[in-house]
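Since every read-out is calculated from the coordinates, none of them should be taken as a lab result. Computed from a predicted structure; not experimentally measured. Neighbour counts run over all protein chains shown; Cβ positions are idealised from the backbone, glycine included.
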Amino acid sequence: MNKLVSGLIQMGLKGDAEQMSPDQIRDCMLEAHLPLIDEAAAKGVQVLCFQEVFTQPYFCPSQDSKWYAAAEAIPDGYTTQLMQEYARRHNMVIIVPIYEETMPGVYYNTAAVIDADGSYLGKYRKTHLPQVAGFWEKFFFKPGSSNWPVLETAYAKLGVYICYDRHFPEGWRALALRGAEIIYNPSATVAGLSQYLWELEQPASAAANGIYIAAINRVGTEAPWNIGEFYGSSYFVNPRGEIIAQASPDKDELLVTELDMDMVRQVRDTWQFFRDRRPEAYGPLVEL
């Protein structure tokens, strides 16, 4: 059996978003994550992923330019380089979702992927950005155009899709067709209109594409915005669409599970969805 041990870290905000600078909050969030990274290593985790913009609050309920200062370079910024050290120390692939600055005034919601030897492999930039009350993401981020990168790490071929992206089936399919065996979806999702979709869309996408999906959410409420409660419930879903491990709705938590990666081939050989695709008939999907 081709096994992969993977871990997800969900966490509430540490620090005071009203009183502290973005750098101070980053340091608080990193301080809280580092022991869990070490715990993941002790449990044999080979691929680890954090939540969306994991070093900061989810600041998009505001339109406060203060938060531009939270953006960092990738791979040369502080957080990415620190995670490279931890990846190398623990022989662990780490997916690092942070706020990226490419130049003054150009920012992305990005996840960097670091291989088990500490080398930087590449990144995915969030493609679909919400722009509604409580989620003013286009104020802070430029839409990404990453061409659906699938990264061959020491342990698995993986892709990344970020939060609101998950509502769009095209990206799951593009990543799967490019060879992804598992796709990580770091998120910041509050209770309300879309909560019932949390355990609906991603299992459906896993089954439709014969892949594992790892869904990560944060927990708690975040002042001063208080747009609702981030309900955690991070989980792994297998290529049959079955949730096989799930975290609590309200606690900082490291979720670890062992995945049978041979199931990707087994499910695809049973449900021949890729064989039976008719891409020549789908032109109107991108023309309408």
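A few comments on the model shown:
- Panel order for VAL286, VAL219, by other beta carbons found within 10 Å of each beta carbon, from fewest to most: VAL286, VAL219.
- DSSP beta bridges in the range 120-215 [antiparallel fraction, %, rounded to 5]: 35 percent
- Whole-angstrom gap from the range 230-273 to the range 4-54, using each part's C-alpha centre: 20 Å
- Dipole magnitude for the chain: computed about the Cα centre from +1 point charges on Lys and Arg Cβ and -1 point charges on Asp and Glu Cβ, it is near 760 debye.
- Likely footprinting exposure, CYS49, CYS60, CYS28, fewest C-beta neighbours within 10 Å first: CYS28, CYS60, CYS49
- GNM flexibility winner over the chain from GLY159, GLY232, GLY15 (Cα, springs under 10 Å): GLY15
- Going from the residue with the fewest nearby Cβ atoms within 10 Å to the one with the most, GLU242, GLU100, GLU137 rank GLU242, GLU137, GLU100.
- Annotation: for a label point projected 7 angstrom from Cα along Cα→Cβ of ALA154, residues of the range 96-134 with backbone N closer than 20 Å are 96-97, 112-123.
- Derived scalar couplings between HN and Hα for the range 197-209 equal 6, 3, 9, 10, 5, 6, x, 5, 5, 4, 5, 5, 10 Hz in order, rounded to whole Hz, by the Karplus curve 6.51 cos²θ - 1.76 cosθ + 1.60 (θ = phi - 60°), x for Gly and Pro.
- Degrees between helix 78-90 axis and first principal axis of the chain (Cα, 0 to 90, nearest 10): 50 degrees
- J(HN,Hα) series, the range 187-194, from Karplus relation 6.51 cos²θ - 1.76 cosθ + 1.60, nearest Hz, glycine and proline x: 9, 9, 10, 9, 4, x, 3, 9
- In the chain, helices alone account for a calculated mean residue ellipticity at 222 nm of -7000 deg cm²/dmol, with every DSSP H run of four or more residues adding -39,500 (n - 2.57).
- Ordering ALA204, VAL96, GLN51 by Cα displacement along the dipole of the chain toward the positive end leaves ALA204 in first place; charges were set at the Cβ atoms of Lys, Arg (+1) and Asp, Glu (-1).
- Summary value for the chain: 20 percent relative contact order, contacts being C-alpha pairs under 8 angstrom separated by 6+ residues.
- Nonlocal amide H pairs with ALA245, under 5 Å, H built at 1.01 Å: PHE236
- Net length available on complete extension from GLU287 to THR221 is 19.7 nm, with 0.36 nm assigned per residue and the Cα-Cα distance removed.
- Qualifying lysines (Cα of each under 29 Å from Cα of LYS251; at least 8 residues distant if same chain): LYS3, LYS14, LYS43, LYS66, LYS123, LYS126
- DSSP bridge pairs, the range 3-287: antiparallel proportion in percent, nearest 5: 70 percent
- Rounded to 5, percent antiparallel among DSSP beta bridges of the range 151-281: 60 percent
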